[in-house]
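The values are calculated or read from the model by the stated rules, or taken from the named source; none is laboratory data. Just so it is clear, the structure is predicted and the values come from calculations on it, not from any experiment. Please note: Cβ atoms are built from the backbone with ideal geometry, for glycine as well, and neighbour counts cover all protein chains shown.
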Amino acid sequence: MPSFRKKPIVVEAWPVRELNHAAEHDWYALPQCIRDDYEDSQGKGAWVFGALVENFHCECGVEHGSKPAGSHCSYCGDRLVVTTRRGIFVPTFEGNLFAAPDDWIIRGVQGEFYPCKPDIFEATYGEVAPHEASTV
């Protein structure tokens, strides 16, 4: 089976918490490229800042995307606990994806935006020197 290495590219990325804060308190503090994409989402969907999403989970660690009948875990039977997270719905080529408060929003090599979990972001990306950032 062949193996591959990810090409070294420079991307722009922003923490979801910072973007939500800017959208709520100072719209012009948002990066210009995100403001532009918000205004012209090209039919991919729409940015939703400060979106509230409920998650249902139980002690066994299983997350349920929607509230199952009876509000009990279908795996272990325990009562489900509800947590609410304030994130961002990001229009992507695959439709609107939810980015949680600890996630990152990345602008890819073709100008597309997508969410990335913090552990994946940390394992995949490292900060670049200012002279390297100008190649974005």
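Which residues, taken from the stretch 4-42, are in a loop (DSSP other than H, G, I, E, B) and either of a type in the set (A, V, I, L, M) or at pLDDT 90 or above (or both)? Let's see the steps before the verdict.
If we filter the stretch 4-42 for residues that are in a loop (DSSP other than H, G, I, E, B), which is where we start, we get 4-11, 26, 30-31, 40-42.
The answer is Ile9, Val10, Val11, Asp26, Leu30, Pro31.
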- Query: Of (1) at pLDDT 90 or above; (2) not in a loop (DSSP other than H, G, I, E, B), Gly111 satisfies all except one. Which?
  - Reply: (2)
- Please go through the stretch 4-32 and pick out each residue that is touching a helix residue (DSSP H, G or I) at 6+ places or on another chain (Cβ under 7 Å) and β-branched (Val, Ile, Thr). Val10
- Query: Where residues in the stretch 82-108 are of a type in the set (Gly, Ala, Ser) and outside any strand (DSSP E or B), which of them is nearest to Lys7 (Cα to Cα)?
  - Reply: Gly108
- Query: Does Val48 satisfy the condition of being among the aliphatic types (A, V, I, L, M), under 15 Å from the mean Cα position of the chain (by Cα), modelled with pLDDT of 75 or more and under 20 Å from Val11 (Cβ atoms)?
  - Reply: no
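Right, Arg17: surrounded by 15 or more Cβ atoms within 10 Å (Cβ to Cβ) and under 15 Å from the mean Cα position of the chain (by Cα) or not? Reasoning before the result, please.
Values: surrounded by 15 or more Cβ atoms within 10 Å (Cβ to Cβ): yes; under 15 Å from the mean Cα position of the chain (by Cα): yes.
Yes; evaluated as a whole, the condition is true for this residue.
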